[in-house]
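I am attaching a structure below and will ask some questions about it afterwards.
The values are calculated or read from the model by the stated rules, or taken from the named source; none is laboratory data. Note that this is a predicted model, so its numbers are computed, not measured. Cβ placement follows ideal geometry from the backbone for every residue including glycine, while neighbour counts extend to all protein chains displayed. Heavy atoms of the whole protein, side chains included, go into the accessibility calculation; ligands, DNA and RNA do not. Shrake-Rupley method; radii C 1.70, N 1.55, O 1.52, S 1.80 Å.
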Amino acid sequence: MPRFLPPLLCGFALLVGAVPARAQALPGYQNTFSWSRERIGENHLRLVGGVELEQTDTKIFADEVELFLDENRAIATGNVLFTQGANRIAADRADFNTATRLGTFYNARGIANVQPPRQQPRAGGVAPPPIVGQDNDVYFFGETVEKIGPKKYKIINGGFSTCVQPTPRWSLTAGTVILNIDHYTVLKEPTLMVKGVPLLYLPFPVYYPTKKEDRATGFLIPTYGITTLRGQQLHNAFFWAIDRSQDATIEHEFYSKVGQGLAGEYRYNYGGIDAGNLQAHFLDQHEATYDQGDGTTKPVPGSRSFDLRGGLNQLLPGNLRARANVSYFSSIVTNQTYNTNVNDASRNNRTYGGNVVGAFGGYGLNATFDRTEYFYTTTDSALTGSAPRVSLTRNERPLFGTPLYFSATGEFVDILRQTNSSGTSVDTGLTRLDFTPTIRFPFKKWQWFTVNSSLSWRDTYYTKSYDPATVGPGQTPVEIDEHLSRRFFTVQTQITGPVFNRIWDTPDNGYAEKFKHTIEPTLTVQRTSSIDNYSFIVPLEGTDSIVGGASQYTYGLGNHLYAKRRSTIPGSPGLSREIVSVDVSQSYYSDQRSSLVDQQYASSFTAGGAPSNFSPIALSVRAMPSTDVNTTMRAEFDARYHSLRTISAYATYSWTNRVQTTATWSKQFLIPELSGFNVPANLSDSVGVSTNVRTMDNRFGGLYSFNYDLAHKTMVQEQITGFYNAQCCGIAFQYQSYNFSGLSSVPIPSDHRFFMSFTLAGLGNFSPFNGALGGAR
């Protein structure tokens, strides 16, 4: 026998003797595993070497486990791992109850899974399935971790983080932590650690939401800012998740230079379009002094102001629907200097109103209240609106089985009109009652040529009128409380055609497989009977300015280009869409006064000059070659002086959801002979650009926007916003420069603003009421 055979046989014997002790299953366990098992007492066992215990959904792994069967107790040591469902705890040592699955883990760390709730269906609806990837994990650690409930842990000298990665970027630590999964976690005197460095210590208990719902009641991460006008500022907010359909946010603002503010927002959404929101803001500013840059200072007295914004859309009983809106400020100066959004900051009107609409059989009801006040200076304003306006409409229906159609509209309105100048208010409002029946005859025998004719009669009653003694050349009409009735007929014919079409089949074209070009001439002829008391009517709205005994001809030409593009879905037919449209139109008036009140042309009201038989020529162009590009342009050309009056352009570009760009431009042209366009200082010329860029995973992104006044060569505002989102934290910042030139009520020529906010996984942040950081994701 060779010499090496005895050692080989000995090694084989040792290997056979090391067979794992997978003996009879222990009471209460589905499976047990260990390399050796020692019975110390009747109910006392010691399992050694790669121990594995399985009990329903719970598994225990350790180097060594002592079991006390009569006490349902297990003491595990060495590389302890406790798993229950998707949750697990790793520790050096553990002492736990095998019946309750509760116990204490020493020098432990673990992960607990927070799953979103399954959405409950509404009546008659279906609950949507849970979305994969919405689960959240909570990583926790401590010198001792005591499992005191199914998803509740008491941590001593440890903490937790929702940033689950090998080295969490942030964590909250404390001497005592009560971690309650699917609820709130309580930390006593916590410290916020970022990259292992203490960043924030709070000397009081803190509640942190570790709930399964997307929204949880609690404080939001503060936003820091600094501006030239209001100094350093800190925005703190508290979010209240009232229920799944309602929530509220309360915000406190601190300004180092001027004082403090308080804001709140309430939102509700009961599905569909039944939703609403209301934002309120109060600003308490104390007296402040500003350096003028020339060695002098300018004091600004303290003030208090508020701002309300909101809207709702709600279904009411009886087939009615209610809508309401408010955009109201108490101080236009605060509105112009507080908001970062250029549209809000440049707004010179405050408004609120409501509307109720409904349909009953063949009738429609519309009741509206609205009130809008336009400011020309900080104190001078003009008030417009209706309180209320109620209209009842009889929907169009065939008349006695003929090709004629009949409809009627009645309206009652209490018109609000008031001017406030130099502390004096003048009320010029009145009440108007209007009734208009209409008979219409459509001619649609040929698709390429249609004629739509109508005859209407109008009877209008006014509670006020102009004093006849004050109406005449060179006189200013005076309004008196003398009622007036106006009656007239209007005959109108709308002609479209003949329509010319041409189609090109382009199967080899890379853009579209077919193109269609349409040319549509249009002509509208309208004749209004004479109105004998026209000069005595108080013209508050467009319908009051209708000129009687006059004819109007509106003629135009429309060009439309359509493309049938191939579907991106295999086997699906191509889709046709309009890619370019060009429309040109003009009106001729037999009575030149009609040119001053025609609402089809925006520059007619701006001109304010001598009347004309011809309107400006209106050109409208729209191009939408794809869903990513959309451009529009409108221009009005003065036919008398052969010059452009106005031009405006709007363009948008979107590349998936990663690049979105918007550009606008508007300009009024100088026409020395035309009143309203002959003063260069009063003409506007401005351009605005906004670009939003971000990566597909939303990790990096930014927004840049500016508004430039070309007429005065002034940058109105310039803004840059950027954000960076890591796996479980992020940062957002915004810088803006806003020009206050021309606003004598503002103590500085421009305001430089900077805002910054952090994001932590599981914690929400917010955009302050002034709109800062609104472009950050």
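Quick one: pull the percent of accessible area on the chain belonging to carbon and sulfur, 1.4 Å probe, ligands and nucleic acids left out.
Accessible surface attributable to carbon and sulfur in the chain totals 58 percent.
Follow-up question, since we're still on this one. Quick query: amide H of LYS464 versus all other amide H atoms, modeled in the peptide plane; which residues come in under 5 Å with a sequence gap of 5 or more or a different chain?
THR431, LEU484
For n ≥ 4 DSSP H runs only, could you compute -39500 (n - 2.57) per run for the chain, divide by its residues and tell me the 222 nm figure to the nearest 500?
Mean residue ellipticity, 222 nm, calculated: -1000 deg cm²/dmol.
So, one more: How far is it, in nm, from the label point at HIS712 to the one at HIS252 when both lie 7 Å from their Cα along the line to the Cβ?
3.9 nm
Average the reciprocal distances over every distinct pair of alpha-carbons in segment 395-545, invert the result, and give the Kirkwood radius in Å.
When all Cα pairs of segment 395-545 are included, the Kirkwood radius is 19.8 Å.
Hey, another quick one. Scan around SER745 for amide H atoms under 5 Å from its own, H built in the peptide plane at 1.01 Å from N, and keep only partners 5 or more places away or cross-chain.
Here nothing satisfies the definition.
Next up: Give the aspartates and glutamates whose C-alpha is closer than 17 Å to that of LYS211, dropping any in the same chain fewer than 8 places away, or say none.
Partners found: ASP135, ASP137, ASP182, ASP243, ASP247.
In square angstrom, what is the accessible area per residue of the chain with a 1.4 angstrom probe?
Counting only protein heavy atoms, the per-residue value for the chain is 53 Å².
Not counting ligands, DNA or RNA, and with a 1.4 Å probe, what is PHE204's accessible surface area in Å² rounded to the nearest 10?
110 Å²
To two decimal places, what compactness ratio does segment 484-530 give when its Cα radius of gyration is scaled by 2.2 N^0.38 Å?
Against the empirical 2.2 N^0.38 Å value, I get 2.21 for segment 484-530.
Right, another one. Calculate, in whole percent, how much of the Cα-Cα pair population of segment 259-379 lies beyond 19 Å.
Tail of the P(r) past 19 Å holds 62 percent of the pairs.
Would you mind getting me the FRET efficiency between TYR201 and ARG267? Use the beta-carbon distance for r and R0 = 51 Å, nearest 0.05.
Using R0 = 51 Å, I get an efficiency of 0.90.
Residue by residue, what Karplus-based ³J(HN,Hα) values in Hz, rounded to whole numbers, does segment 660-677 have, using 6.51, -1.76 and 1.60 with θ = phi - 60° and x for Gly and Pro?
9, 10, 10, 9, 10, 8, 9, 8, 10, 9, 7, 10, x, 8, 10, 4, x, 10
If you take every residue apart from GLY110 with its C-beta less than 11 Å away from the C-beta of GLY110, what net charge results, scoring Lys and Arg +1 and Asp and Glu -1?
Result for the local shell: +2.
While we're on this one: Relative to the present Cα-Cα distance, how much length would full extension add between ARG487 and ALA99 at 0.36 nm per residue of separation?
Residue separation times 0.36 nm, minus the Cα-Cα distance, leaves 130.5 nm.
Given N residues in segment 167-218, what is its alpha carbon radius of gyration divided by 2.2 N^0.38 Å?
Here the Cα radius of gyration is 1.16 times the empirical estimate.
In percent, how large is the relative contact order of the chain, given Cα pairs closer than 8 Å and 6 or more residues apart?
5 percent
Going Cα to Cα from LYS464, which aspartates and glutamates come in below 15 Å? Please leave out same-chain ones fewer than 8 positions away.
Within the straight-line limit of under 15 Å, LYS464 reaches these aspartates and glutamates: ASP414, ASP427, ASP434, GLU479, ASP481, GLU482, GLU541, ASP544.
Using a simple charge model, +1 on the beta-carbon of Lys and Arg, -1 on the beta-carbon of Asp and Glu, nothing else, what dipole does segment 481-574 show about its Cα centre, in debye to the nearest 20?
With only Lys, Arg, Asp and Glu charged at Cβ, the dipole is about 620 debye.
Using +1 at the Cβ of each Lys and Arg and -1 at the Cβ of each Asp and Glu in the chain, identify which of LEU81, ILE148, GLN336 lies farthest towards the dipole's positive end.
Most positive-ward Cα: LEU81.
Could you order LEU392, LEU53 so the one with the most accessible surface comes first? Probe is 1.4 Å.
LEU392, LEU53
Ok, one more. Could you tell me how many degrees, from 0 to 90 and to the nearest 10, lie between the Cα long axis of helix 5-17 and the main elongation axis, the longest principal axis, of the Cα atoms of the chain?
Between helix and principal axis, roughly 60 degrees.
Amide H neighbours of LEU229 under 5 Å, counting only residues 5+ apart in sequence or on other chains, H built in-plane at 1.01 Å?
Sorted by chain and number, the residues that satisfy this are HIS752.
Still on this structure, I have one more. Can you run phi through the Karplus equation (6.51, -1.76, 1.60; θ = phi - 60°) for segment 357-369 and list ³J(HN,Hα) in whole Hz, with x for Gly and Pro?
10, x, 10, 9, x, x, 10, x, 10, 9, 10, 9, 10
Take the Cβ-Cβ distance between GLN418 and SER745 as r, set R0 to 22 Å, and report the resulting FRET efficiency rounded to the nearest 0.05.
0.45
I'd like the projected area of the chain, averaged over all directions, using the convex hull of its alpha carbons. Report it in nm² with one decimal.
Average of the hull's projected areas for the chain equals 55.7 nm².
Got the relative contact order for segment 405-449 handy, in percent, Cα pairs under 8 Å and 6 or more residues apart?
Answer for segment 405-449 is 45 percent.
Using just the C-alpha positions of segment 184-299 as equal point scatterers, what log10 of I(q)/I(0) does the Debye formula give at each q in 0.10 1/Å?
-0.49
Follow-up. Excluding residues on the same chain fewer than 8 positions from LYS298, give the lysines whose Cα lies under 23 Å from its Cα.
The reachable lysines, counting only those whose Cα sits under 23 Å from LYS298, are LYS257.
Using each residue's phi in segment 476-487, evaluate 6.51 cos²θ - 1.76 cosθ + 1.60 at θ = phi - 60° and report the 3J(HN,Hα) Karplus result to the nearest Hz, with x for Gly and Pro.
Per-residue couplings from phi come out as 9, x, 10, 7, 10, 7, 10, 5, 8, 10, 10, 9 Hz.
For segment 271-319, how big is the tail of P(r) above 11 Å, as a whole percent of Cα pairs?
Result: 77 percent of Cα pairs exceed 11 Å.
Also: How large is log10 of I(q)/I(0) for segment 659-777 at q = 0.13, 0.19, 0.21, 0.22 Å⁻¹ when the intensity is taken from the Debye formula with one equal scatterer per alpha-carbon?
For the requested q values the scattering log ratios are -0.66, -1.05, -1.17, -1.22.
Still on this structure, I have one more. If you average the sequence gap of Cα pairs under 8 Å that are 6 or more apart and divide by the length of segment 485-615, what percent do you get for the contact order?
Once normalised by length, the contact order is 21 percent.
Right, next: Calculate the FRET efficiency for GLU578 and ALA469 from the Cβ-Cβ distance with a Förster distance of 45 Å, rounded to the nearest 0.05.
It comes out at approximately 0.20.
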